[in-house]
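Data first, discussion second: the structure below is written as structure tokens.
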Amino acid sequence: MIFTPEELKIKDESMKPFIDPEEIQETLNSTLSSPEKVREVIQKSLNKSRLTLEDTAVLLNANDPELIEEIKEGARTLKERVYGNRIVLFAPLYVGNKCTNNCSYCGFRVSNKEAVRKTLSDEEIEQEVEALEDNGQKRLILVYGEHPDYDADYIAHTVNTVYKVKKGNGEIRRVNINAAPLSIEGFKKVHEAGIGTYQIFQETYHPETYRHYHLGGKKRDFDYRLTSLDRAMEAGIDDVGIGALFGLYDWKYEVLGLVRHTNHLEACYGVGPHTISFPRIQDASTLNWNREHIVSDEDFTRLVAILRLAVPYTGLILTARENPNIRKEVMHFGVSQIDGGTKLELGSYSQSLNEDQNLNKEQFLINDSRSLNEIIDELLTDGYLPSFCTACYRLGRTGEHFMEFSVPGFIKRYCSPNAILTLSEYLVDYAPQETKEKGWKVIEKNLQDLEKAKEKVNTSEIRRRIERIKQGERDLYF
């Protein structure tokens with residue numbers, strides 16, 4: 001890997017704070033944007049080179065509507081080249097909402113006396129997982145409040161509990177984590193439990209704003225949270241997820257913060273984040289939030305396209321915070337993973353809680369409450385290939401900048417065939433008749449496209465494996 005002079009300076013700066021707000025703001029303020037520069041940066045990204053802070057600032061400072069459309073078109077082209085037409089699906093499972101932090105924008109905060117505090121028992125976790133498996137889910141992210149009860153041992157225990165649940169043909173094949181920062185030893189424990197990605201969002205990369213919204217608890221320590229994924233990397237977790245909560249501060253600054261974080265991880269560990277999330281702040285129980293930096297739909301779709309170009313090898317996650325129309329739009333030029341059939345209330349997948357327990361005291365509100373099948377059906381209608389694939393993680397194809405990006409033909413040899421096989425499982429086991437018919441047509445079209453591709457793909461073997469799935473075999477992958 002070749003590093004720029006700026007990156008070489010931070011090559012040995014692992015586990016040290018790396019955000020300089022003055023550097024980011026100065027880059028944003030001083031970088032000029034012209035049609036020629038914008039097109040040069042877009043081409044750099046299309047040539048599979050990640051962007052610097054200055055490159056990204058060129059895109060951020062382009063305000064001409066025609067240039068913004070060129071940025072989106074570039075992102076659309078890049079996404080098709082890197083990810084094809086696949087959309088990976090997952091579901092969040094909230095395990096517990098106890099929290100010692102006091103983040104004024106979050107319904108979990110300790111000062112929210114209206115919140116009904118709850119931690120799922122092992123039996124309730126099993127019930128939730130069974131309900132998710134009944135819908136066809138294969139990938140979960142477990143979400144925890146930040147509380148001493150949810151330490152590394154507990155997280156590892158819940159991960160093992162989830163993996164043990166099998167119902168019919170249902171099973172969870174990848175468990176990701178969204179929880180508090182841990183020590184290196186703590187990260188080692190959860191790594192040994194077989195987790196996928198460990199997500200920790202900085203929320204805002206602007207230290208002054210961070211202090212304004214984080215009023216108490218360990219999360220108030222900006223630097224400790226900032227370096228948390230360095231500790232995860234040191235512990236051997238090479239799949240980490242970063243994110244910012246857009247709406248707390250200037251969205252352009254936050255995009256540069258995410259790029260700076262990405263470049264830091266690459267320079268120090270040789271691999272950037274596995275995923276980037278960019279939720280917009282939404283209303284929640286007794287929310288206390290300054291709406292000065294609210295992000296419009298227009299700016300939101302624009303920032304997704306810019307992130308796609310800035311970090312072409314990194315998965316972009318869009319959650320059900322966004323409404324179906326926005327989700328549909330940004331999938332064209334950026335997003336590669338979405339959740340489906342999402343429920344945020346503790347115990348709500350299996351409805352194991354009683355109505356009088358006031359289930360509506362969730363962390364935030366969602367704007368896409370459609371079922372998993374409704375979302376899959378729309379994806380199929382729009383020509384996407386829904387995927388529940390977990391093969392790379394289980395075969396050790398992790399880190400190294402997404403091999404699907406760096407190895408020619410990787411998508412066609414592995415990703416598309418595995419997406420086809422996981423979709424076949426879903427169609428056989430869970431889909432209603434209308435979705436089945438639509439799904440098999442999409443699979444056939446993708447097989448025909450693979451047969452026409454320059455890279456040689458053994459579609460005959462894919463077809464044989466589809467028939468094996470129809471005969472009852474499961475978990476076949478390349």
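The values are calculated or read from the model by the stated rules, or taken from the named source; none is laboratory data. Since the structure is predicted, the reported quantities are computational estimates derived from the model, not experimental observations. Cβ placement follows ideal geometry from the backbone for every residue including glycine, while neighbour counts extend to all protein chains displayed.
For the stretch 179-203, which residues satisfy the criterion of being buried (at least 19 other Cβ atoms within 10 Å of the Cβ) and either under 17 Å from the mean Cα position of the chain (by Cα) or modelled with pLDDT under 95 (or both)?
179, 180, 195, 196, 197, 198, 199, 200, 202, 203
Within the stretch 162-171, which residues are surrounded by 13 or more Cβ atoms within 10 Å (Cβ to Cβ) and either under 18 Å from residue 183 (Cβ atoms) or among the small types (Gly, Ala, Ser) (or both)?
170
Here's the yes/no breakdown for (1) free of Cβ contacts under 8 Å to residues at least 60 places away in the same chain; (2) assigned to a helix (DSSP H, G or I); (3) in contact with a Pro (Cβ under 9 Å, 6 or more places away or on another chain):
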{"site": "88", "(1), (2), (3)": "no, no, yes"}
{"site": "107", "(1), (2), (3)": "no, no, no"}
{"site": "113", "(1), (2), (3)": "yes, no, no"}
{"site": "117", "(1), (2), (3)": "yes, no, no"}
{"site": "131", "(1), (2), (3)": "no, yes, no"}
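Can you confirm whether the stretch 335-358 contains a residue that is modelled with pLDDT of 95 or more, within 20 Å of the chain's Cα centre (by Cα), under 22 Å from residue 55 (Cβ atoms) and buried (at least 23 other Cβ atoms within 10 Å of the Cβ)?
yes
Mind checking which residues of the stretch 56-70 are surrounded by 13 or more Cβ atoms within 10 Å (Cβ to Cβ) and over 14 Å from residue 258 (Cβ atoms)?
The answer is 58, 61, 62, 67, 68, 70.
What tally of residues in the stretch 376-407 results from selecting those that are at pLDDT 60 or above, within 25 Å of residue 312 (Cβ to Cβ) and either part of a loop (DSSP other than H, G, I, E, B) or out of contact with any helix residue (DSSP H, G or I) (no Cβ under 7 Å at 6 or more places or on another chain) (or both)? It would help to see each step written out before you state the result.
In the first step, residues of the stretch 376-407 are kept if they are at pLDDT 60 or above; the result is 376-399.
Filter once more, keeping what is within 25 Å of residue 312 (Cβ to Cβ): 379, 382-399.
Then drop every residue that is not either part of a loop (DSSP other than H, G, I, E, B) or out of contact with any helix residue (DSSP H, G or I) (no Cβ under 7 Å at 6 or more places or on another chain) (or both), which leaves 379, 382-384, 388-390, 392-399.
The number of residues fulfilling the criteria is 15.
If you check residue 224 against the conditions, is it in the same structural domain as residue 305 (by TED's automatic domain parsing) and buried (at least 19 other Cβ atoms within 10 Å of the Cβ)?
When the stated conditions are applied, residue 224 does not pass them.
Just the residues that are closer than 16 Å to residue 255 by Cα and among the charged types (D, E, K, R), please, taken from the stretch 30-57.
Residues satisfying the conditions are 50, 54, 55.
For a quick check of your reading of the model, give me the residue pairs whose first member lies in the stretch 176-202 and is over 16 Å from residue 274 (Cβ atoms) and not assigned by TED's automatic domain parsing to the domain that holds residue 218, whose second is modelled with pLDDT under 95 and of a type in the set (Phe, Trp, Tyr), with beta-carbon atoms closer than 9 Å and at least 6 apart or on different chains.
Short answer, once both residue conditions are applied: none.
Looking at the stretch 142-161, which of the residues that are in a loop (DSSP other than H, G, I, E, B) and charged (D, E, K, R) is surrounded by the fewest Cβ atoms within 10 Å (Cβ to Cβ)? Let's see the steps before the verdict.
Narrowing the stretch 142-161 to residues in a loop (DSSP other than H, G, I, E, B): 145-151.
Filter once more, keeping what is charged (D, E, K, R): 146, 149, 151.
Values: 146: 20, 149: 11, 151: 18.
Restricting to residues being in a loop (DSSP other than H, G, I, E, B) and charged (D, E, K, R), the top hit is 149.
When the residues of the stretch 71-89 are filtered to those that are under 14 Å from residue 38 (Cβ atoms) and of a type outside the set (Val, Ile, Thr), which remaining residue is surrounded by the fewest Cβ atoms within 10 Å (Cβ to Cβ)?
73
Criterion first (under 26 Å from residue 268 (Cα atoms) and either aromatic (Phe, Trp, Tyr) or surrounded by fewer than 23 Cβ atoms within 10 Å (Cβ to Cβ) (or both)) does residue 213 satisfy it?
no
Given the criterion farther than 24 Å from residue 131 by Cα, of a type in the set (Ser, Thr, Tyr) and without any contact (Cβ under 8 Å) to a residue 12 or more places away in the chain, identify the matching residue among 460, 416. Reasoning before the result, please.
Numbers: 416 fails: without any contact (Cβ under 8 Å) to a residue 12 or more places away in the chain.
So the residue among 460, 416 that is farther than 24 Å from residue 131 by Cα, of a type in the set (Ser, Thr, Tyr) and without any contact (Cβ under 8 Å) to a residue 12 or more places away in the chain is 460.
So if I check each of 143, 165, which one is more than 16 Å from residue 98 (Cα to Cα) and of a type outside the set (S, T, N, Q)? Steps first, answer last, please.
Values: 143 fails: more than 16 Å from residue 98 (Cα to Cα).
From the options 143, 165, the qualifying one is 165.
Mind telling me which of the residues 224, 249, 205 ends up being of a type in the set (Ser, Thr, Tyr) and touching a residue at least 60 places away in the same chain (Cβ under 8 Å)?
205
Out of the residues in the stretch 162-179 that are assigned to a strand (DSSP E or B) and hydrophobic (A, V, I, L, M, F, W, C), state the one that is nearest to residue 195 (Cα to Cα).
175
Scan the stretch 28-38 and give yes if some residue there is modelled with pLDDT of 95 or more and under 25 Å from the mean Cα position of the chain (by Cα), otherwise no.
no
Pick out the one residue from 98, 113, 138 that is over 20 Å from residue 199 (Cβ atoms) and either of a type outside the set (Asp, Glu) or not assigned by TED's automatic domain parsing to the domain that holds residue 337 (or both).
Being over 20 Å from residue 199 (Cβ atoms) and either of a type outside the set (Asp, Glu) or not assigned by TED's automatic domain parsing to the domain that holds residue 337 (or both) holds for just one of 98, 113, 138, which is 113.
Take the conditions in a loop (DSSP other than H, G, I, E, B) and either at pLDDT below 95 or surrounded by 12 or more Cβ atoms within 10 Å (Cβ to Cβ) (or both) and apply them to residue 457. Does it pass? Talk me through it step by step, then tell me what you get.
Numbers: in a loop (DSSP other than H, G, I, E, B): yes; either at pLDDT below 95 or surrounded by 12 or more Cβ atoms within 10 Å (Cβ to Cβ) (or both): yes.
Criteria met by residue 457.
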